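Let me begin by presenting the structure, written as C-alpha cells, before commenting on it.
The values are calculated or read from the model by the stated rules, or taken from the named source; none is laboratory data. Small disclaimer: the values here were computed from a predicted structure and weren't measured. FYI the Cβ positions are ideal-geometry reconstructions off the backbone, even for glycines, and counts take in every protein chain you see.
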Amino acid sequence: VYDGKDTSHRLLGNFSKTDMYNVIINSTSNHLWIEFNSNGSETNKGFRLTYSSFDLVKCDEPGTPNYGYKIQDDGHFANTFVLYSCNPGYTLHGSSTLTCLSGDPECGGHIAGAISGRILSPGYPAPYDNNLHCTWSIEADTGKTISLHFIVFDTEVAHDILKVWDGPTEGGILLKEWSGSALPDDTHSTFNILTLQFDSDYFISKSGFSIQFSTTTAMTCNDPGTPQNGTRYGDSREPGDTITFQCDPGYQVQGLDKITCVQLNNRFYWQPDPPTCIATCGGNVTGPAGVILSPNYPQPYPPGKECDWRIKVNPDFVIALIFKSYDFLHVYEGDNSNGPLISSLQGNQAPERIESSGNSLFLAFRSDASLGMSGFAIEFKGKLSTCLWSCTVLYLKLVYVLYSTEKPREACFDPGNIMNGSRVGMDYKLGSTVTYQCNSGYTAVGPATVTCVFGPDGKPIWDKVLPTCKGYQVQGLDKITCVQLNNRFYWQPDPPTCI
C-alpha cells in the first residue's frame, strides 16, 4: 500500500496472511495505491477491503505577508504549494514557495530565513515519546526578532520541560521554561536567533505542544506584559522609555520594579528583565493593614514548606485577622511560637476573624511532603485597643462644661499633584499608595510612591515627601549632521549638552 498515485510515493506497509485484519490505513492525499502480488504455486481465500473518503488533513492557513499577495494556493493539502509575490515597490525576503509536508513532526532542527512557521512536539498530536532531547533553532534575517505564540501546551509537570533561549543555548539568555498544562504567554526574542529545547523523562507522556513562530523587524522593545498579580505604569517602548511595575497586596516584586528600553546595534531589549510578583514564604509584616498569602497563591503551595510570618502594628493597636480562604495554619500571640496558641486551623471552615490581645501575632505554616493544597489568603488590620477622645472644654458663667468627641480620621488628605508630572491612585485610605510619574524629558527626584500610614500622633499622614520632576534644557542645536570633507569625518555643528 502506497500513499499516493503510484509506487514512487511513500510505502505505508507490506502485508501478508492476516496482517491487515482490522487494520485501518489513512492516506495523506486524495490518492492511495494498492498493489497485490501472488506467487506461482499457492492460492488462498484472498481479501476484501472497504474504503471511505473524508476531509484531508491540511496544513494551517499560512496567511499573507504585509504588502504582498498569493499567486497560487492549492488548498493546504499534503505536497501542495502556496506561492507568494510582493506589491510593486516591495522586495520579497524569504522563500516565495511554501510546501505542505506530510509525516510526523521531527525532534528538533534548524529553521533559517522563514517568516513564520510552526514548531510541534514529536508525534503531535499523538503523545510524544519518552526520553527525548530535542533542540530547535530558529534563525531570522539580521535586524529581525522572533515571537512565539503558544496554541497548545500539555506536558508532564516538572518532568517534561520546554526551555527557550534568546540566542543560542551556549551564550544565549534563558528566557523561560515551562511544564504542565497552563498555556504560556507569548514570548519574544531580542536577537535574530531563538532556541527551543524539549526534554522528556522515561515515564508519563502528554499530548505535547503546537507553537506558532513569526518574525518582525525590530524598531522598539517588545511588550514586556504585565506580571501576574501585579500592575504596570507606562506603555511606551522606544529606546530610553521606562515602565514601572507594582505588585498586588500580599505579593512581592522579584527583581527591580522599573525597567528601561535599551538599543544595542540592531537589538532592542529591556534592562533589567521585567519582574514577577510572587507570594513569598514568610517574612516580617508591618503597617496598619495588609494581606498575607500562602506560597504561590492562588496556585497550590509546594510540599515541604515551613513559613513564618510576624505581624506587628503600632503599640496602641491590636490585630484583626480576616480569613478569605485558608488551609492549614497555626496562629500564636506575640513574636514567635513560644506565645499562647490562639488557633490551629486545618480544613476548609475558617473563622470569620481572629483578634489578638497585643500588637503582634506569629503565623506558622507547615506543609508536608505530599501534594500541595489550595493555600490561604488572610487580611490583617490594626485596630485601636482603646477609644481615643479629643475633648474641648468651654467655660460659661454657670461653669457649664461641654465635651465634644472627634472621630479619628481613617484616611490621609489629598497629597496633591506635582509639576511636570502625573499620578496614579485616588484612594487615600490607610495602606493605600499614590504613584507619581514625570512627563517625557523630566527626571524624578525622590521616591515615586507614597503610602498613607499612621503618623507619630496617631493620625494618617503620607510616609514620604512628594517627588519633584527635574527637567533639562538643550544648549546648542538638537540636530547634527555627519559631514565628510576629503578624508575627514565630523559632526556639524558640535553635539549639544543638556543642563
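Restricting attention to the range 466-482 and to residues that are at pLDDT 85 or above and farther than 30 Å from Thr435 by Cβ, the residue that is nearest to the chain's Cα centre (by Cα) turns out to be Lys479. Each residue in the range 241-270 was checked for being touching a Leu at 6+ places or on another chain (Cβ under 9 Å) and of a type in the set (Gly, Ala, Ser), and 1 of them qualify. Of the set (1) part of a strand (DSSP E or B); (2) within 18 Å of the chain's Cα centre (by Cα); (3) crowded, with 20+ Cβ neighbours inside 10 Å, all apply to Leu175 but (3). Of all residue pairs spaced 6 or more apart or on separate chains, those with beta-carbon atoms under 8 Å, a first member in the range 72-90 that is free of Cβ contacts under 8 Å to residues at least 12 places away in the same chain and not assigned by TED's automatic domain parsing to the domain that holds Asn30 and a second member that is among the β-branched types (Val, Ile, Thr) and not in a strand (DSSP E or B) are Asp74/Thr80. The residues of the range 116-145 that are touching a strand residue (DSSP E or B) at 6+ places or on another chain (Cβ under 8 Å) and under 15 Å from Phe191 (Cα atoms), listed by number, are Ser137, Ile138, Glu139, Ala140, Asp141, Gly143, Lys144, Thr145. Only one entry of Val483, Val450 meets the criterion of being closer than 30 Å to Phe380 by Cβ, part of a strand (DSSP E or B) and out of contact with any Gly (no Cβ under 7 Å at 6 or more places or on another chain), and that entry is Val450.
Checked against the criterion of being more than 30 Å from Ser422 (Cβ to Cβ), without any contact (Cβ under 8 Å) to a residue 24 or more places away in the chain and of a type outside the set (Phe, Trp, Tyr), the candidates Glu156, Glu238, Glu177 yield just one match: Glu177. Among the residues of the range 15-34, the ones that are of a type outside the set (A, V, I, L, M, F, W, C), surrounded by 10 or more Cβ atoms within 10 Å (Cβ to Cβ) and free of Cβ contacts under 8 Å to residues at least 40 places away in the same chain come to 3 in all. Pairing residues of the range 456-478 that are assigned to a strand (DSSP E or B) and among the aliphatic types (A, V, I, L, M) with residues that are modelled with pLDDT of 80 or more and exposed (fewer than 13 other Cβ atoms within 10 Å of the Cβ), at Cβ distances under 7 Å and at least 6 apart in sequence or on separate chains, gives Ile461/Gly455.
In summary, strands (runs of 3 or more DSSP E) completely within the range 244-295 and bearing 1 or more residues that are over 15 Å from the mean Cα position of the chain (by Cα) and crowded, with 17+ Cβ neighbours inside 10 Å occur at 258-264, 267-271, 283-286, 289-293.
Exactly one residue out of Asn66, Asn44 is exposed (fewer than 11 other Cβ atoms within 10 Å of the Cβ) and closer than 30 Å to Thr99 by Cα: that is Asn66. Taken as a whole, the range 68-91 holds at least one residue that is in a loop (DSSP other than H, G, I, E, B), at pLDDT below 80 and among the hydrophobic types (A, V, I, L, M, F, W, C). Residue count for the range 346-368 satisfying the condition of being within 28 Å of the chain's Cα centre (by Cα) and at pLDDT below 80: 1. When Arg232 is tested against (1) surrounded by 18 or more Cβ atoms within 10 Å (Cβ to Cβ); (2) under 20 Å from the mean Cα position of the chain (by Cα), just one condition goes unmet, and that condition is (1).
Pull up the range 189-218, narrow it to residues that are among the β-branched types (Val, Ile, Thr) and under 19 Å from the mean Cα position of the chain (by Cα), then point me to the one that is farthest from Glu61 (Cα to Cα). Ranking the qualifying residues of the range 189-218, first place goes to Thr190.
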